[in-house]
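The values are calculated or read from the model by the stated rules, or taken from the named source; none is laboratory data. What you see is a predicted model; the values in this text were computed from it and never measured. Please note: Cβ atoms are built from the backbone with ideal geometry, for glycine as well, and neighbour counts cover all protein chains shown.
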Amino acid sequence: MVEFKDVSVTYSSSGVDALNNVNLKINDGDFAFVVGPSGAGKSTLIKLVLKEIDATSGTVLVNGFNLKKLRRGKIPALRRTIGVVFQDFRLIPTMTVYENVAFVLRVIDAPAKYIRSRVPYVISLVGLSKKAKCYPTELSGGEQQRVALARALVNDPKLIIADEPTGNIDPELSYEIVELLKGINECGTTILMVTHEHDLVRYFGGRIININKGSIAFDEVIGGSNESK
Amino acid sequence: MKASSAKYLVGQGFKGIWKNKMMTFASFCILLVSLLMVGISCLTAISLTRVIGGIEDQSEIVVIVKDGASDSDMAALEEKLHSIPNVNTVSLYTKEEAWQNMLKGMTEEEKDFFQYADDNPLPDTYKLTVKDIQIMNDTTTQIETFDFVESTQSPTAFADILINIRRIFSIVAFAVVLALVVVSLIIISNTTRASVFARRKEINIMKYVGATNSFIRIPFFIEGMIVGVAAAGCALLLTKFAYEGVYNIFNDTFGIWSILGMQNLYSFDDLLLPVSVSYLVAGALIGAVGTSISTGKHLRV
């Protein structure tokens with residue numbers, strides 16, 4: 001669950017008000033698209049959820065953590081409940097697909113036996129079993145994003161944040177990635193997907209949160225064009 | 001932390017070396033050169049101090065005993081000489097020994113001339129070495145006040161030169177070693193920073209998936225330590241070859257260099273333990289701590 005209560009963010013270095021008095025609640029199991037023009041505050045919203053930055057005022061609650069009271073040493077515990085998928089994939093280039101995914105479980109000190117069974121399973125979910133020994137540079141953009149999805153999924157997080165996950169891949173593959181995210185959501189994981197691609201949003205529909213000039217301009221559930229097909 | 005995690009982190013440290021070969025090699029070279037510069041400077045300083053010390057130790061005060069001093073007078077004088085705090089050793093050089101040695105250096109004609117001499121004209125003397133050459137002058141003055149002392153001879157002018165050389169050398173050596181340490185630390189710090197900077201994305205990703213700072217630091221720490229130890233090992237070998245080469249030059253032409261007291265140089269075997277420990281500790285510490293400090297900057301995500 002993600003909840004923003006009267007959250008404002010002002011960047012002290014530039015004096016820019018990135019978010020103004022935002023109130024938002026995303027319940028467990030929700031799938032929400034976050035849309036809006038560049039500079040609207042979408043990235044700030046993601047940074048707040050990951051506690052990369054602190055709110056200037058207001059309260060942010062994420063998966064039971066009150067981020068205002070969360071000490072620096074506890075940030076890893078928060079992040080272990082969140083899976084993150086980035087536009088630029090952010091895979092470790094010196095690790096194979098298997099190692100990139102397994103790495104998350106090693107971070108949480110998971111037993112070796114569990115890692116050996118869980119990682120191949122998750123890699124198979126994203127359809128990359130045959131490429132488990134490949135390095136990221138040997139994969140296409142779509143495949144790299146699927147590895148990033150597997151990495152976000154492997155420790156069974158409560159929430160997955162996908163920050164422009166389709167920004168660097170072919171349009172037809174974008175639908176595939178969102179389909180995968182939808183599938184993950186159906187298993188109970190909350191998904192928060194930031195995107196610029198209105199076609200995708202229109203196609204899939206669901207909860208749309210439109211941020212503009214640091215405020216929530218629109219927060220509604222709309223039907224997708226795929227549902228009418 | 002589980003044993004499997006510890007094993008994984010140590011393994012990652014070793015893998016990191018291979019995966020980042022170029023930066024690792026750069027760090028290794030910089031560390032090696034820095035250790036060599038500081039190590040050789042320290043060894044040079046130690047050796048030269050030893051050589052100067054050796055020359056100082058050889059500086060003697062010669063005490064000429066008055067003619068006609070009885071055995072008991074001589075014994076009393078010797079006791080008084082021993083009681084001077086700055087006196088290290090006292091050895092008697094009798095007039096007979098002096099006479100025999102003088103005869104050995106004479107030609108047959110000179111010997112024939114002196115064989116008719118009524119009496120041995122040479123005096124009994126004491127040869128003294130001192131503990132502190134800086135107060136040799138005071139010691140000489142004190143000895144001249146003793147009964148049955150005819151006169152003294154001491155290389156006080158030479159002692160003053162040695163004292164000045166040692167003083168200037170100590171200051172210069174300290175300044176050079178200090179400057180090299182500072183320069184080395186700056187270079188090493190920049191190299192490790194560059195090495196870590198090249199992997200900042202990797203660190204960033206680790207932070208996003210919930211890795212603790214120590215989990216991220218340990219492989220870098222181990223990697224830095226291995227590079228440091230390897231550089232220290234190579235530095236030790238190179239230092240050994242260089243030092244032994246110089247040492248052998250001085251030993252081969254012992255006669256010439258002994259004038260400068262070079263026979264007092266330590267052999268590398270004498271220095272092996274302190275040099276090895278210093279290199280290894282410095283290499284491992286600089287490598288490990290330098291790398292993990294450089295990592296810290298990228299952990300604030």
Residue satisfying all of: in the stretch B:222-249; among the aromatic types (Phe, Trp, Tyr) and surrounded by fewer than 19 Cβ atoms within 10 Å (Cβ to Cβ); farthest from the other protein chains (Cβ to nearest Cβ) among these: B:Tyr247
Turns out the strands (runs of 3 or more DSSP E) fully within the stretch A:116-229 with at least 1 residues that are free of Cβ contacts under 8 Å to residues at least 12 places away in the same chain are A:215-222
Output the number of residues of the stretch B:80-99 satisfying the condition of being β-branched (Val, Ile, Thr), in contact (Cβ under 8 Å) with a residue 40 or more places away in the chain and part of a loop (DSSP other than H, G, I, E, B). 1
(1) modelled with pLDDT under 85; (2) surrounded by fewer than 15 Cβ atoms within 10 Å (Cβ to Cβ): which one isn't true of B:Arg193, the others all being true? (2)
Those residues of the stretch A:187-227 which are in contact with a strand residue (DSSP E or B) (Cβ under 9 Å, 6 or more places away or on another chain) and on the phi > 0 side of the Ramachandran plot, in sequence order: A:Gly205, A:Gly206, A:Lys213, A:Gly214
Applying the selection to the stretch A:58-94, what residues are more than 9 Å from chain B (Cβ to nearest Cβ) and in contact with a Pro (Cβ under 8 Å, 6 or more places away or on another chain)? A:Val85, A:Gln87, A:Phe89
Residue list for the stretch A:69-96, restricted to those being under 23 Å from A:Gly141 (Cβ atoms) and assigned to a strand (DSSP E or B): A:Gly83, A:Val84, A:Val85, A:Phe86
Counting only residues that are within 22 Å of B:Asp57 (Cβ to Cβ) and in contact with a Leu (Cβ under 7 Å, 6 or more places away or on another chain), how many does the stretch B:147-174 have? 1
Out of the stretch A:56-66, which residues are out of contact with any strand residue (DSSP E or B) (no Cβ under 9 Å at 6 or more places or on another chain) and in contact (Cβ under 8 Å) with a residue 60 or more places away in the chain? A:Gly64
Of the numbered conditions (1) farther than 19 Å from B:Ala211 by Cβ; (2) exposed (fewer than 13 other Cβ atoms within 10 Å of the Cβ), A:Gly73 satisfies every one except a single condition; which is it? (1)
Selection from the stretch B:30-79 of residues that are outside any helix (DSSP H, G or I) and either modelled with pLDDT of 85 or more or more than 24 Å from the chain's Cα centre (by Cα) (or both): B:Glu60, B:Ile61, B:Val62, B:Val63, B:Ile64, B:Val65, B:Lys66, B:Asp67, B:Gly68, B:Ala69, B:Ser70
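Can you tell me which of B:Asp112, B:Asp138 is away from every other protein chain (no Cβ under 14 Å), surrounded by fewer than 16 Cβ atoms within 10 Å (Cβ to Cβ), out of contact with any strand residue (DSSP E or B) (no Cβ under 6 Å at 6 or more places or on another chain) and at pLDDT 85 or above? So that I can check it myself, show each step before the final result.
Numbers: B:Asp112 fails: at pLDDT 85 or above.
So the residue among B:Asp112, B:Asp138 that is away from every other protein chain (no Cβ under 14 Å), surrounded by fewer than 16 Cβ atoms within 10 Å (Cβ to Cβ), out of contact with any strand residue (DSSP E or B) (no Cβ under 6 Å at 6 or more places or on another chain) and at pLDDT 85 or above is B:Asp138.
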Run down A:Ile75, A:Ile53, A:Ile46 and say which single residue is more than 20 Å from A:Asp6 (Cα to Cα) and in contact (Cβ under 8 Å) with a residue 24 or more places away in the chain. A:Ile75
Would you be able to tell me the number of residues in the stretch B:132-155 that are part of a strand (DSSP E or B) and closer than 16 Å to B:Ser83 by Cα? 1
Only one of B:Ser83, B:Ser91 is surrounded by fewer than 18 Cβ atoms within 10 Å (Cβ to Cβ), outside the structural domain of B:Tyr247 (by TED's automatic domain parsing) and in contact with a strand residue (DSSP E or B) (Cβ under 6 Å, 6 or more places away or on another chain), namely B:Ser91
Would you check if there is a residue in the stretch B:114-131 being part of a helix (DSSP H, G or I), on the phi < 0 side of the Ramachandran plot and out of contact with any Pro (no Cβ under 7 Å at 6 or more places or on another chain)? yes
Consider the stretch A:34-55. How many of its residues are closer than 14 Å to A:Asn212 by Cα and either of a type in the set (D, E, K, R) or in a strand (DSSP E or B) (or both)? 3
Breaking point among (1) surrounded by 18 or more Cβ atoms within 10 Å (Cβ to Cβ); (2) more than 19 Å from A:Asn185 (Cα to Cα); (3) within 8 Å of chain B (Cβ to nearest Cβ), for A:Ala55: (3)
Answer residue from the stretch A:97-112, given it is in contact (Cβ under 8 Å) with a residue 12 or more places away in the chain and part of a loop (DSSP other than H, G, I, E, B) and is farthest from the other protein chains (Cβ to nearest Cβ) among those: A:Ala110
Can you find a residue in the stretch B:65-72 that is in contact with a helix residue (DSSP H, G or I) (Cβ under 9 Å, 6 or more places away or on another chain) and crowded, with 17+ Cβ neighbours inside 10 Å? yes
Can you name every residue in the stretch A:141-163 that is in contact with a Ser or Thr (Cβ under 6 Å, 6 or more places away or on another chain) and either among the acidic types (Asp, Glu) or buried (at least 20 other Cβ atoms within 10 Å of the Cβ) (or both)? A:Pro157, A:Leu159, A:Ile160
Only one of B:Asp57, B:Asp67, B:Asp138 that is closer than 30 Å to B:Gly245 by Cβ and either in contact (Cβ under 8 Å) with a residue 24 or more places away in the chain or touching a Ser or Thr at 6+ places or on another chain (Cβ under 7 Å) (or both): B:Asp57
Within the stretch B:196-214, restricting attention to residues that are part of a helix (DSSP H, G or I), facing chain A (nearest Cβ under 9 Å) and modelled with pLDDT under 85, which residue is nearest to A:Phe103 (Cα to Cα)? B:Glu202
